[in-house]
Every structure is written in C-alpha cells, then in structure tokens.
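S.K.: Could you have a look at this structure, given as structure tokens, before my questions?
Any read-out appearing in this document is the output of simple, stated calculations on the displayed coordinates, not a laboratory observation. What you see is a predicted model; the values in this text were computed from it and never measured. Quick reminder, even Gly has a Cβ in these numbers, built from the backbone with ideal geometry, and neighbours come from all protein chains shown.
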Amino acid sequence: MPTSAVMLLLCALPVVTLALPVSPKPDPVDTKATLTNLEYRRANAWIAKDKAALAALLHPDYLELNIFGRFTRQQVLDELFDRHVLIDYAMSDIEFRELGSDVCALCYYVVERLQSAGTVSQYHCVVTATYKKTPTGWLLAIWQITPIAG
C-alpha cells in the first residue's frame, strides 16, 4: 500500500477522547445518613464496652481531641477506653459538610453522661466528626468534642 494511502486511511479513523476517571461526589443525603449511623455505632461501642467494634470504625491515623487531651487511635483503644464508661449519648441538630470527594464531616450537639474515676458527670458538648472514605468504607479520622454551657 503506498504511503499516501496509509496516511489517508489513518486520517479517516475517528478520534477517540479518553476521559480520566473522576471520583464520584458522595450523595449528601445518603452520606449524612451513613455517617450519622456510624456516629451512633461509635457511641454504642463505648456504651457496650466493645473495643473491637470501636476499633473497626477508626481510621489508622485517627486523632481524638476531648477534655482529657489529644489522643491517637492506639491511645484511645489502649488507655482511654478502659478508664471511662459512656452511660448515654443523645445527639441533636446534626449538620453535614462535604469537604472533598472522600472527606466529609458531621457537626452536632450532644448531651452525654460519662463515668470517669468513679464519678458520673453530664456534659453538653459540640462534636465535629471527620470521616475519610477508604476502599472498605467510611472511617472516622478526627473526632473533637468540646464542652459548652448547658
């Protein structure tokens, strides 16, 4: 086949445009419901004293900030979990924020009763729970609880 015929044949081929894969945006309604459910599961793990259930919800790089200080995932599981008893946990006014295709946060009010060193206390707080989507699902990456006037 002459060179000009090959060039003509190549020019007649359709142009194919390849699109780069884009991470789908999470559906805000479904994601808010999912993360709210995960927050209830986290609280229930504390109430039931189920360390394995709590561990399954926490990202490997998990960080927690609370009235006792700042704690890594391992510190929460090895130290904090055994020293405190969550008695009840009532969430309200849950706000959802999408921070990226794989990071979302909930911010809500909570009234909790917690036993620490034998003393039961009730706290009114604001919680920010930041979740990271992983190949296996949403995991809690950062959890901050701040007491407020109740």
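S.K.: Within the range 33-73, can you find the residues that are touching a residue at least 40 places away in the same chain (Cβ under 8 Å), among the aliphatic types (A, V, I, L, M), surrounded by fewer than 16 Cβ atoms within 10 Å (Cβ to Cβ) and more than 20 Å from ILE87 (Cβ to Cβ)?
M.R.: LEU65, the sole residue that qualifies.
S.K.: For the range 115-150, name all the residues that are surrounded by 15 or more Cβ atoms within 10 Å (Cβ to Cβ), of a type outside the set (Phe, Trp, Tyr) and within 19 Å of ALA53 (Cα to Cα).
M.R.: Within the range 115-150, ALA129, THR130, LYS132, LYS133, LEU139, LEU140, ALA141, ILE142 meet the criteria.
S.K.: Pull up the range 104-116, narrow it to residues that are of a type in the set (A, V, I, L, M, F, W, C) and in contact with a His (Cβ under 9 Å, 6 or more places away or on another chain), then point me to the one that is farthest from THR31 (Cα to Cα).
M.R.: The extreme case among them is LEU114.
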